[in-house]
Each structure stands twice: as C-alpha cells, then as structure tokens.
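A.B. asks: First, the structure itself, so that you have it in front of you.
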C-alpha cells in the first residue's frame, strides 16, 4: 500500500477535532545482485534505499541503469522480489556479459538513489560517463509545456490522498503520457520511470520529455542523461549545478512549469515559443 492511516488531532479556526489522516508510506528496499566473476556467480548487496512501496522491480532496474551498471534490458537475466509478500527485497540477476567488478572499481563509493554519481570530481567527468545518444532535431511549443502540469495532476492518486509524494512522468512528443510513477523520493520516482522504460525496450529516451513534480537537481539531470533524455522539465526550480550539468550535456532544462509560465535554463533550441 502506498499510504498508511493514522489518527491525529486537527486544528482549524480554533477548533480541534480527531481525524484519520493518510500518510505516504516509506519503507526500505534492499537491492541484491547476482553477477558473474570469471566462471562463477556471486551474490551481494548493492544498496538499501528508502522508498514508497510499489514498482520495486522498476526502481531496482532504474537505479542500475542510472548508476551505469547496465545499459539496456539485455543486461538483465531476471528481476524478482524475494522473501515474504509484500517484500522489501529485490534480486536482480545480471547477464554474464556485465562486468560488475569493473563498474565497482570505477564507482568507488556507496550507491544511493539520491546520490547520482557522488564522488565524481567534475561535471566533465560525468559527461564522459553518460552514454552518447544521437542529438535529435525535434521541437515542442509553449502549449506542450503548458499542458504538462495537468497531465501530472490527473495521474497522482497517492499525492491527492497524502500530499506527501513526488511524481515523475514520461511524455511523448505528441503530448501523450507514457508512464508515471509516484514515490516519497523524487529520485526514486525518476528511477521507476527509467526502469519501466528499460524493461519496455524504449531506450534511449531521446524523443520523450521527463516532467517532475519536484525541483530540478543535479542528480536528476544525471539520471535522465543516462537514459538518453534530452529534455527535463519540473514544477520547482533548478539548482546551479543542475543548470551547469544540463548545459554541459546538451539537455534542455525547463523549470517553474506552472500556470502557463516557465523558465528555460538550457537548450532553448528545442522550444518553439513563437505564438
């Protein structure tokens, strides 16, 4: 379940009353890997992330993709929940061709869904790690951007129930919703979208737009870039490093998308703003 009910006291206009309130669920998810080392398989823990239960397999695959462990669905043999149902543990079996030990040497740090590529020395090093995706010539107009908040609002049941989760949406260039996931962590919501896209064989996502209910941070830009995304938009504002990273990677970054207004911080050539 994506939310829990708690008895609370509610104060409004001088009146105190008892009520049941819906609170967004938050539980740990352990991600375990089966990978090959020479001629034998090895099992180990990759990460524990706090998330809203649901789409756990997509979250695990998305995290592996955005961390650079895998590049597409062919790198995965199987992904399954283990333990009791509902489970807080996911096991991902990697294909024999995936050199996990080599990735671990490059990564040299703890994996967290909110971390992105923590420990990298510069944006330029991040750019080198991002898979090269062919630049596309498409453009979207202002009406496309103005329609994004309504698409998000229509498909956020847990947010409307609790007010306590973020959402990430994948939208096609004709304005159709491809997928949307909610989670208490904005990084998890995006990883779920990336994982679902990987399993559906949609990579690279260079003809889609990602729209986030949150602010735009550096790690969200990096995660999107790992899937080939060339435009990320958000309801909230960007960080300085998000802007710098988007400009380095050639990603269009649009923020404060609300009430028929938005700011373009990078890649304005993908937007036709003439009425």
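A.B. asks: Determine the calculated [θ] at 222 nm for the chain from helices alone, applying -39500 (n - 2.57) to every DSSP H run no shorter than 4 residues and normalising by the residue count; nearest 500 deg cm²/dmol.
C.D. replies: Rounded to the nearest 500, it is -8500 deg cm²/dmol.
A.B. asks: Principal axes first, then extents: for the Cα atoms of the chain, list largest minus smallest coordinate on each axis, whole Å, largest first.
C.D. replies: For the chain, the Cα extents along the three principal axes come out at 68, 51, 33 Å.
A.B. asks: Quick one: Debye curve from the alpha-carbon atoms of segment 207-275 only, equal weights, vacuum; give me log10 I(q)/I(0) at q = 0.13, 0.20, 0.26 Å⁻¹ to two decimals.
C.D. replies: These q points yield log10 I(q)/I(0) values of -0.29, -0.70, -1.19.
A.B. asks: Give me the number: length gained by fully extending residue 154 to residue 82, i.e. 0.36 nm times residue separation minus the C-alpha to C-alpha distance, one decimal in nm.
C.D. replies: Roughly 22.6 nm would be gained on extension.
A.B. asks: At 10 °C and 1.306 mPa s, what whole-number value in µm²/s does Stokes-Einstein give for the translational diffusion of segment 140-272, with Rh from the Kirkwood sum over Cα pairs?
C.D. replies: The estimated diffusion coefficient comes to 111 µm²/s.
A.B. asks: Please list the equivalent ellipsoid semi-axes of segment 196-238, computed as the square roots of five times the alpha-carbon gyration tensor eigenvalues, in descending order and whole angstrom.
C.D. replies: 19, 10, 9
A.B. asks: Quick one: which of 205-218, 77-90 comes out on top by average Cβ neighbours within 10 Å, and what's the full order, highest first?
C.D. replies: Peptide ranking by packing, descending: 205-218, 77-90.
A.B. asks: Could I have the simple spin-label model distance between residue 178 and residue 261, label points 7 Å from Cα toward Cβ, reported in nm to one decimal?
C.D. replies: Placing both labels 7 Å along Cα→Cβ, they lie 3.1 nm apart.
A.B. asks: Oh, and also: Please report, in cubic angstrom per residue, the volume enclosed by the convex hull of the alpha-carbon atoms of segment 27-118.
C.D. replies: Enclosed volume per residue, from the Cα hull, is 89 Å³.
A.B. asks: Suppose each label sits 7 Å from its Cα in the direction of the beta carbon; what would the residue 5-residue 106 distance come out to in nanometres?
C.D. replies: Taking the simple label geometry, residue 5 and residue 106 are separated by 4.9 nm.
A.B. asks: I need the peptides 191-200, 46-55 ranked by packing, meaning the mean over residues of other C-beta atoms within 10 angstrom, with the highest value on top.
C.D. replies: Ranking, from highest mean packing down: 191-200, 46-55.
A.B. asks: Given all pairs of different Cα atoms, what value in angstroms does the Kirkwood hydrodynamic radius of segment 1-70 take?
C.D. replies: 15.4
Every number in this text was worked out from the coordinates using simple rules, so none of it is lab data. Source: prediction; values computed, not measured. We place every Cβ from the backbone using ideal geometry, glycine too, and count neighbours over all the protein chains shown.
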